[in-house]
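Just below is one structure, and these are the notes that go with it.
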Amino acid sequence: MKIAYLVNQYPKVSHTFIRTEILALEEMGISVERIAMRGWDAELVDPLDKQERKRTRYVLKGGAAAILAAIALALLSRPTRFFQALATAWQLSRGGERGVLIHLIYLAEACLVLRWVTKDKVSHVHAHFGSNAAAVAMLIRKLGGPPFSFTIHGSEEFDKPYQWKLREKIADATFIVAVSSFCRAQVYRSTEPAAWSKVHIVHCTIDPRFEELPTTAPPANDTLVCVGRLCEQKGQLILIRAMAALQDHGVEFKLVLAGDGEMRGDIEQAIATAGLQNNVRITGWVNTQEIVDLLEKSRGMVLASFIEGLPVGIMEAMARRRPVISTRITGIPELVRDRIDGFLVPASDVDALAEAIEKFLALSEEELAQMGDAARSRAWERHSASIETAKLVELFRHYVPEKANLEVF
């Protein structure tokens, strides 16, 4: 069986779970073609990501000539299919977040990818996220290409189901993967009950390197680490306010923000305004080994997210025996059990977050070790690459025919 993975940008520092999933699929005997719209010139820090880039084909890298040639070939060789796909692109654009011109570009991209998957005898296309990659996969199918499925993560799919035309994409997909029960519930809200049976939960997986390396009990220090993109969804500004409150109460701490992103300037300004320059530092993007090193030196992980799917940073921290302080939102409570694997607080509640951090910093070494052990067991129980990818393999085998019935150019 040969599957094509279709992603907007691949590899991507903040989406290591896709790489882990692809590599695990290949270990289980599924051949995977990597296709991305962009990402060939992205800054990468992990050696595995750099290797993956060499194995990925990029839709936009070849320029307009290759895409125009693919459009002409699709129009001439399958005109009926082409105009059906054109109508679908128009329908997706109506009331959508992006207009008709962008959706015509998606159709053009679909024409090129169709040539690749037909030539390579790909029997199924799987996309990650319900945005443009899912739209392109849907248009490939309309053009006569292989059936498709896609994984929904959140939070943007939850915020914009109508603009992203989730109902239409779900209806055309062979099956849907949701990364948590909360995520599945949001998918149910966006589609007809008749389609619920094809929505399946497969959790995102943890990089196996986190399991291969030896772990240690959390050190009894005052250092916390926050791993994640610096963006509005992650709530780092609320975290800085909570740390400022702790400083006012005389609590000693160190905080490492491991990541980068569009809100770095705002966060740096908040750190300076609160006078936390000696307590808080930002690393920029880090690779897997650097994350491991930061976690090993920290007491635990803290993440003040407003909304998202299920943060990989939390999974990785727990896999390294580090308790987690986070918010009681979306899929997080499905993984983190309050006062067992860490602490959960209401989102945006500065006082509750500060109180939870203070309690966590006051735990004894024995309590800290117990919480770390519980977190590690919980993480690997729910997010092991071998267990979760096996579920995905079963879905492919169930839904994808042995021989794809594809139209030939």
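Just one of the listed residues (V312, V393, V408) is within 30 Å of W116 (Cβ to Cβ), out of contact with any Lys or Arg (no Cβ under 9 Å at 6 or more places or on another chain), at pLDDT below 95 and outside the structural domain of V256 (by TED's automatic domain parsing), namely V408. Residues in segment 169-200 that are surrounded by fewer than 16 Cβ atoms within 10 Å (Cβ to Cβ) and either basic (K, R) or in contact (Cβ under 8 Å) with a residue 60 or more places away in the chain (or both): S181, R189. Across segment 120-139, the number of residues qualifying as in contact (Cβ under 8 Å) with a residue 40 or more places away in the chain and over 17 Å from F396 (Cβ atoms) comes to 8. Only one of the numbered conditions (1) more than 22 Å from the chain's Cα centre (by Cα); (2) touching a residue at least 60 places away in the same chain (Cβ under 8 Å) is violated by W285, and that is (1). Taken over segment 368-389, the criterion of being among the small types (G, A, S) and either crowded, with 22+ Cβ neighbours inside 10 Å or at positive phi (or both) is satisfied by G372, A375, A379, A385. Restricting segment 198-249 to residues that are in a strand (DSSP E or B) and β-branched (V, I, T), the residue that is farthest from I314 (Cα to Cα) is V199.
Here is a check on your reading of the model: is I314 assigned to a helix (DSSP H, G or I), over 21 Å from the mean Cα position of the chain (by Cα) and not small (G, A, S)? No; evaluated as a whole, the condition is false for this residue.
Results for (1) in contact with a helix residue (DSSP H, G or I) (Cβ under 9 Å, 6 or more places away or on another chain); (2) buried (at least 17 other Cβ atoms within 10 Å of the Cβ); (3) touching a residue at least 60 places away in the same chain (Cβ under 8 Å); (4) of a type in the set (S, T, Y), shown as yes or no for each residue.
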| position | (1), (2), (3), (4) |
| --- | --- |
| G331 | yes, yes, yes, no |
| E334 | yes, no, yes, no |
| G342 | yes, yes, no, no |
| S348 | yes, no, yes, yes |
| D351 | yes, no, yes, no |
| A354 | yes, yes, yes, no |
| K359 | no, no, no, no |
| A362 | no, no, no, no |
| E366 | no, no, no, no |
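Based on this model, can you work out whether R53 counts as over 27 Å from the mean Cα position of the chain (by Cα), assigned to a helix (DSSP H, G or I) and among the charged types (D, E, K, R)? Answer is no for this residue.
Any chance segment 289-300 includes a residue that's assigned to a loop (DSSP other than H, G, I, E, B), within 16 Å of the chain's Cα centre (by Cα) and either at pLDDT below 95 or buried (at least 24 other Cβ atoms within 10 Å of the Cβ) (or both)? No, the conditions are met nowhere in segment 289-300. Within segment 350-405, the residues that satisfy the criterion of being β-branched (V, I, T) and in a helix (DSSP H, G or I) are V350, I357, I387, T389, V393.
For segment 6-33, the set of residues classified as buried (at least 21 other Cβ atoms within 10 Å of the Cβ) and in contact with a strand residue (DSSP E or B) (Cβ under 6 Å, 6 or more places away or on another chain) consists of L6, V7, Y10, I18, I22, L25, listed by residue number.
Just checking, which of G130, G95, G63, G144 is buried (at least 21 other Cβ atoms within 10 Å of the Cβ) and at positive phi? Matching residue, one of G130, G95, G63, G144: G144.
Kindly check whether there is at least one residue in segment 67-80 that is more than 19 Å from the chain's Cα centre (by Cα), under 16 Å from N132 (Cβ atoms) and charged (D, E, K, R). No, because not a single residue in segment 67-80 is more than 19 Å from the chain's Cα centre (by Cα), under 16 Å from N132 (Cβ atoms) and charged (D, E, K, R). Within the set V113, V117, V125, V136, the sole residue that is in the same structural domain as W164 (by TED's automatic domain parsing), assigned to a helix (DSSP H, G or I), closer than 22 Å to S190 by Cβ and not basic (K, R) turns out to be V136.
From the list L6, L68, L73, L60, the lone residue that is at pLDDT 95 or above, over 20 Å from Q289 (Cβ atoms), part of a strand (DSSP E or B) and not assigned by TED's automatic domain parsing to the domain that holds G313 is L6. Tell me, yes or no, whether segment 169-176 has at least one residue that is out of contact with any helix residue (DSSP H, G or I) (no Cβ under 6 Å at 6 or more places or on another chain) and of a type in the set (D, E, K, R). Within segment 169-176, not a single residue is out of contact with any helix residue (DSSP H, G or I) (no Cβ under 6 Å at 6 or more places or on another chain) and of a type in the set (D, E, K, R). Which of the residues that make up segment 141-186 are more than 19 Å from the chain's Cα centre (by Cα), closer than 16 Å to S197 by Cα and of a type in the set (S, T, N, Q)? Scanning segment 141-186 gives a single hit, T174. Restricting segment 225-239 to residues that are among the aliphatic types (A, V, I, L, M) and surrounded by 24 or more Cβ atoms within 10 Å (Cβ to Cβ), the residue that is farthest from A374 (Cα to Cα) is L239. Kindly indicate whether any position in segment 301-309 is touching a strand residue (DSSP E or B) at 6+ places or on another chain (Cβ under 7 Å), under 25 Å from T215 (Cβ atoms), hydrophobic (A, V, I, L, M, F, W, C) and part of a helix (DSSP H, G or I). The answer is no; no qualifying residue exists.
The values are calculated or read from the model by the stated rules, or taken from the named source; none is laboratory data. All values reported here derive from a predicted model rather than from experimental measurement. Methodologically, a virtual Cβ is constructed for each residue, glycine included, from the backbone with ideal geometry; neighbour enumeration extends over all protein chains shown.
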